[in-house]
Amino acid sequence: MRTSNHQQGFAAVAAVFLIVILAALGAFMLTFSNTQQMTSAQDLQGTRAYWAARAGLEWGIGKVSAVSDPSTLSATTCSTSSAIVLDSFSVNVTCSVTPYGEAGATKYILQFRSVASTTGGSVGSIGYTERSISASMER
């Protein structure tokens, strides 16, 4: 009785194919995991930048609220002369003051803009984050 030897080596080919498929799947999972981690880190930085910008906005509103005579308000009253550094963020606050008349009285519209950006990085780099908040106030 003769045995057929046509299937010799088939298990080795199947094992190599399976190893290649598993290696490709592992590489995909590693890339996906790294992307997920980077996205989470950027989301956290974006939230921190938002709160830093909000702190700058509240700083500007606080400066205006402390002025007893609104006629002395100017853009320099509620704007930062240099950036405020909060943790790893640089915060710049600008405002404009516009007077208008209402029923014989002078009122002032103040428009604030606070921008927080990471201190170590430039626009377009992966570690750069920037958030901006605006608000208006009548005084």
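Some notes on this structure:
- Restricting attention to segment 89-107, the residues that are buried (at least 16 other Cβ atoms within 10 Å of the Cβ) and touching a helix residue (DSSP H, G or I) at 6+ places or on another chain (Cβ under 8 Å) total 5.
- Test: residue 60 is at pLDDT 90 or above, part of a helix (DSSP H, G or I) and over 11 Å from residue 116 (Cβ atoms): yes
- Test result for residue 3, surrounded by fewer than 13 Cβ atoms within 10 Å (Cβ to Cβ), assigned to a helix (DSSP H, G or I) and either within 22 Å of the chain's Cα centre (by Cα) or at pLDDT below 85 (or both): no
- Residues of segment 111-134 satisfying the condition of being in contact with a helix residue (DSSP H, G or I) (Cβ under 6 Å, 6 or more places away or on another chain), open to solvent by less than 40 Å² (accessible area, probe 1.4 Å) and part of a strand (DSSP E or B): 112, 114, 116, 133
- Restricting segment 74-87 to residues that are open to solvent by 40 Å² or more (accessible area, probe 1.4 Å) and touching a residue at least 24 places away in the same chain (Cβ under 8 Å), the residue that is farthest from residue 114 (Cα to Cα): 87
- From the options 49, 27, residue that is in contact (Cβ under 8 Å) with a residue 60 or more places away in the chain and in a helix (DSSP H, G or I): 49
- Residue-level analysis places residue 35 outside the set of residues that are β-branched (Val, Ile, Thr) and under 25 Å from residue 138 (Cα atoms).
- Candidates 73, 110, 22 - the one that is among the aliphatic types (A, V, I, L, M) and at pLDDT below 90: 73
- Checklist (1) part of a helix (DSSP H, G or I); (2) over 21 Å from residue 109 (Cα atoms) applied to residue 85, failing item: (1)
- Filter result for residue 71 (open to solvent by 80 Å² or more (accessible area, probe 1.4 Å) and of a type in the set (S, T, N, Q)): no
The values are calculated or read from the model by the stated rules, or taken from the named source; none is laboratory data. As the structure is a prediction and not an experimental result, all values here were calculated from the model. Heads up, the Cβs are rebuilt from the backbone with ideal geometry, glycines too, and the neighbour counts pull from every protein chain shown. Surface areas here come from the heavy atoms of the whole protein model, side chains and all, with no ligands, DNA or RNA. Shrake-Rupley method; radii C 1.70, N 1.55, O 1.52, S 1.80 Å.
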